[in-house]
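These notes are about the structure you will find just below.
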Amino acid sequence: MATVRDELVNTLEELMYEELDKFTLRLSQRELFEQEQHIPKSLVHGKSRDDIVDVMVEFYGRLRAVEITLLILGRMNKNQLAMDKGLYSMT
């Protein structure tokens, strides 16, 4: 059975390089997170998908990392990808 981390990595692997770049930029935007600490751009920009997920889980925990992934994918009009990967069932 795949772990939450594995599913997040698998989801990010479906993003093209340009899309992954947009994902990491949104992940580091302060405006996205009202009360939460945002992840500094230097920790995720240009990093591997594995590294990005590791930083997300370290910062937010597994469940919140899934929620944030869903939020960002939604803003990128990638809801179908999230549905295909079963991320909605993890929250």
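The values are calculated or read from the model by the stated rules, or taken from the named source; none is laboratory data. Only a predicted model underlies this, so the values are computations on that prediction, with no experimental measurement involved. Cβ atoms come from the backbone with ideal geometry, glycine included; neighbour counts cover every protein chain shown.
Quick notes on this structure:
- Taking region 8-25 as the range and being over 16 Å from Glu58 (Cα atoms), assigned to a helix (DSSP H, G or I) and in contact (Cβ under 8 Å) with a residue 60 or more places away in the chain as the test, the residues that pass are Asn10, Thr11.
- Where Asn77 falls short, out of the listed (1) assigned to a helix (DSSP H, G or I); (2) under 16 Å from Asp21 (Cα atoms); (3) more than 9 Å from the chain's Cα centre (by Cα): (1)
- Contact annotation: residue pairs with Cβ atoms under 9 Å, 6 or more positions apart or on different chains, pairing a residue in region 48-73 that is in contact (Cβ under 8 Å) with a residue 60 or more places away in the chain with a partner that is among the β-branched types (Val, Ile, Thr) and assigned to a helix (DSSP H, G or I), are Ala65/Val4; Ala65/Val53; Ala65/Val57; Val66/Val4; Thr69/Thr11; Thr69/Val53; Leu73/Thr11.
- Taking (1) modelled with pLDDT of 90 or more; (2) under 13 Å from the mean Cα position of the chain (by Cα) in turn, Glu18 satisfies each apart from (2).
- Of the residues examined, Thr91 is not one that is within 16 Å of Leu12 (Cβ to Cβ) and polar (S, T, N, Q).
- Some residue of region 73-89 being out of contact with any helix residue (DSSP H, G or I) (no Cβ under 7 Å at 6 or more places or on another chain), surrounded by 15 or more Cβ atoms within 10 Å (Cβ to Cβ) and farther than 18 Å from Arg5 by Cβ: yes
- Residue satisfying all of: in region 43-68; at pLDDT below 95 and either of a type in the set (S, T, N, Q) or not in a helix (DSSP H, G or I) (or both); farthest from Phe23 (Cα to Cα) among these: Gly61
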